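Okay, so here's the structure we're looking at.
The values are calculated or read from the model by the stated rules, or taken from the named source; none is laboratory data. Worth saying up front: this structure is predicted, and the values here are computed from it rather than measured. Backbone-built Cβ (ideal geometry, glycine too); neighbour counts: all protein chains shown.
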Amino acid sequence: MIPAEFKYLFPSTVDEAVRMLAEEGEDAKVIAGGQSLVPVLRMRLAAPTALIDIGGLTELTGVRDDGDSLLIGAMTTHYEVQRDHLVQDHALLLKLVTDTIADPQIRHRGTFGGSLCHADPAGDLLAPVLALDAVMIIAGPSGRREVPASEFFVDYFTTALGPDEILLDVRVPKYTGWSAHYEKLNRVAQAWSIVAVAAAVQVRDGTVSAARVGLTNVGSGPVRAVDVEAALVGQPASAEVISEAALRASSGDGYKDNLARVLTGRALTAAVAG
Amino acid sequence: MHISVNVDGVTYADEVEPRLLLVHYLRERLSKTGTVVGCDTGNCGACTVHLDGHSVKSCQMLAVQANGHDVTTIEGLARDGKLHPVQEAFHSNHALQCGFCTPGMIMQAIDLLADESDPDDETVRKGLEGNLCRCTGYQNIVRAVQDAAQRMKPGAGPDQERHSDEHVTAKQPVGGE
């Protein structure tokens with residue numbers, strides 16, 4: 001189908017974009033890569049009165065080293081994340097997750113920040129961003145603010161972003177030397193995860209010194225598997241410890257509960273194997 | 001809204017509605033009907049074109065998002081009446097039956113070969129994940145992409161376009177003349 005009519009605006013600065021959002025009111029929508037929004041517009045599941053295209057805000061593109069953390073610009077494409085050396089070295093989990101998103105064409109256009117703001121619970125980036133303790137850096141009419149991922153994802157397709165706010169960057173602490181794995185179950189090419197598990201572990205001298213585990217598509221938003229993490233830390237990185245820890249993954253739903261456990265076991269096994 | 005887009009090497013300036021999709025702009029305004037609409041939902045990849053050298057699904061983009069950018073379609077691949085090596089490889093490997101997915105398959109294969117110059121079977125299949133074919137079972141498509149990789153290797157061009165080093169060296173001006 002053809003989208004409903006809308007007004008199209010193309011700001012050249014973040015401040016201008018924020019001003020446009022405020023002026024156009026809450027029926028305005030920001031468009032980044034458009035790989036989720038254009039299908040939604042085409043199916044007329046949404047009919048915003050105005051689209052504010054932030055494709056011209058080049059300062060929101062790219063990954064920067066910021067000391068103890070990385071700053072990933074909201075407009076960085078999945079393709080760029082996949083090939084970024086900083087991500088590879090300090091946030092391997094994000095690279096592995098991004099490799100599985102949709103297909104190559106979508107990864108060329110779709111953006112890191114756009115996926116997070118769309119907040120589809122089946123979206124692959126939510127769980128790792130939550131598990132890695134990322135922080136969202138947001139611009140609004142009253143300036144900048146920071147929101148931790150644990151407070152950013154509110155509900156199905158709903159985030160803490162106000163109607164007049166824009167996500168600028170995502171700060172991800174460095175996980176240098178950690179190993180990681182994303183275990184995703186879907187039935188056909190390009191399909192959303194039925195359930196997926198994002199795991200990053202730090203193993204020192206055969207012992208798990210730290211672990212981060214996030215679950216995709218087991219609820220209205222991403223879930224941090226804190227019980228699984230707690231069962232791993234300080235324990236030997238062994239098959240027994242992993243299968244015991246994986247039993248603590250849960251989704252509150254029979255079929256997905258089982259999937260969460262099985263996939264957590266697989267994810268941790270692969271992550272520990274490095 | 002006024003847009004200016006370079007498509008297959010020609011710059012077009014047009015007034016378009018913001019809701020016009022890139023694929024409809026290409027087909028209906030520019031008559032570039034080589035790019036087809038398959039599923040219309042972003043799954044099949046038949047509408048794949050290149051935007052600034054990277055493959056995109058033109059049914060999942062607004063024409064206004066291409067403003068100021070370069071678009072290459074299947075119609076822009078041939079040079080001087082000669083098919084692109086990937087087009088030739090699809091032809092000679094019988095990598096199509098009904099042919100509807102072919103424009104998108106070829107555009108995505110070219111994108112894949114830009115990143116992976118000698119892909120194995122698995123890499124080709126992953127690289128074409130966003131393109132669906134309902135006829136061939138993909139076997140000949142995978143063969144065609146691997147054949148194209150060989151055709152595009154350095155030094156793999158036709159004999160008449162091959163220059164030996166000596167030939168080039170002989171044309172260098174000699175010092176003192």
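So is A:ARG83 without any contact (Cβ under 8 Å) to a residue 12 or more places away in the chain, out of contact with any Lys or Arg (no Cβ under 8 Å at 6 or more places or on another chain) and not β-branched (Val, Ile, Thr) or not?
It is true that A:ARG83 is without any contact (Cβ under 8 Å) to a residue 12 or more places away in the chain, out of contact with any Lys or Arg (no Cβ under 8 Å at 6 or more places or on another chain) and not β-branched (Val, Ile, Thr).
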### Message
Tell me whether the stretch B:130-146 contains one or more residues that are within 21 Å of A:ALA191 (Cα to Cα), small (Gly, Ala, Ser), touching a Lys or Arg at 6+ places or on another chain (Cβ under 8 Å) and at pLDDT 95 or above.
### Response
yes
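Within the bounds of the stretch A:147-161, is there any residue that is under 13 Å from the mean Cα position of the chain (by Cα), of a type in the set (Val, Ile, Thr) and either more than 14 Å from chain B (Cβ to nearest Cβ) or surrounded by fewer than 24 Cβ atoms within 10 Å (Cβ to Cβ) (or both)? Talk me through it step by step, then tell me what you get.
Taking the stretch A:147-161 and keeping what is under 13 Å from the mean Cα position of the chain (by Cα), we get A:148-150, A:152-153, A:157, A:159.
Among the residues that remain, those that are also of a type in the set (Val, Ile, Thr) are: A:159.
Okay, now just the ones that are also either more than 14 Å from chain B (Cβ to nearest Cβ) or surrounded by fewer than 24 Cβ atoms within 10 Å (Cβ to Cβ) (or both), so A:159.
Yes, that holds for at least one residue.
Quick check on this structure: which one of A:GLU59, A:GLU26 is surrounded by fewer than 20 Cβ atoms within 10 Å (Cβ to Cβ), touching a residue at least 24 places away in the same chain (Cβ under 8 Å), away from chain B (no Cβ under 14 Å) and part of a loop (DSSP other than H, G, I, E, B)?
On the way: A:GLU59 fails: part of a loop (DSSP other than H, G, I, E, B).
A:GLU26 is the lone residue from the list that is surrounded by fewer than 20 Cβ atoms within 10 Å (Cβ to Cβ), touching a residue at least 24 places away in the same chain (Cβ under 8 Å), away from chain B (no Cβ under 14 Å) and part of a loop (DSSP other than H, G, I, E, B).
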### Query
Can you find a residue in the stretch B:11-18 that is of a type in the set (S, T, N, Q), outside any loop (DSSP other than H, G, I, E, B) and more than 10 Å from chain A (Cβ to nearest Cβ)?
yes
### Task
Look through the stretch B:42-88, keep the residues that are at the interface with another protein chain (Cβ under 7 Å from one of its Cβ atoms) and without any contact (Cβ under 8 Å) to a residue 40 or more places away in the chain, and return whichever of them is nearest to B:ALA148 (Cα to Cα).
B:VAL56
### Every residue from the stretch A:1-19 that is within 14 Å of another protein chain (Cβ to nearest Cβ), of a type outside the set (Phe, Trp, Tyr) and either farther than 17 Å from A:LEU60 by Cα or crowded, with 20+ Cβ neighbours inside 10 Å (or both)
A:MET1, A:ILE2, A:PRO3, A:ALA4, A:GLU5, A:LYS7, A:LEU9, A:PRO11
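Yes or no, residue by residue, for (1) assigned by TED's automatic domain parsing to the domain that holds A:GLY33; (2) assigned to a strand (DSSP E or B); (3) surrounded by fewer than 19 Cβ atoms within 10 Å (Cβ to Cβ); (4) more than 13 Å from the chain's Cα centre (by Cα):
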residue	(1), (2), (3), (4)
A:LEU93	no, no, no, no
A:SER115	no, no, no, no
A:ASP120	no, no, yes, no
A:VAL129	no, no, no, no
A:MET136	no, yes, no, no
A:ASP169	no, yes, no, no
A:ARG187	no, no, yes, yes
